[in-house]
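Reviewing the structure listed below.
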Amino acid sequence: MAGLLGATYRKSNGALGAARARGRTGGRRPKLTPDQAHHAQHLYDAGDHTVQRIADLLQVPRSTIYGHLNKTSIGRRPTGLA
């Protein structure tokens, strides 16, 4: 059984290496484009919009916005919201 798993691993690992050589990468495509992510970060850093408002503007869930925000800036917003 272990030999079968090892052979399967080598075969799939070789296929992944061949795909990378062709310029393919695995995983899900990002929901936001780099421009949208930059825009979301700018809106968040400015402190004028909540994460929910930014998500509504870009028509994505809040979790997507949190996934694209700079991790060091989350929770460190300016307190100028009134």
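The values are calculated or read from the model by the stated rules, or taken from the named source; none is laboratory data. The structure displayed is predicted, hence computed values, not measured ones. For the accessible areas, the whole protein counts, side chains as well, though only heavy atoms, and no ligand, DNA or RNA atoms are used. Shrake-Rupley method; radii C 1.70, N 1.55, O 1.52, S 1.80 Å.
Annotation: extensible slack from SER73 through GLN59 equals 2.9 nm (criterion: 0.36 nm per residue apart, minus Cα-Cα distance). You can think of it this way: the chain between ASP45 and ARG28 has 3.5 nm of extra reach, that is 0.36 nm per residue less the Cα-Cα gap.
Only protein atoms count toward the accessible area here, which uses a 1.4 Å probe; on segment 15-70, the carbon and sulfur part of that area reaches 49 percent.
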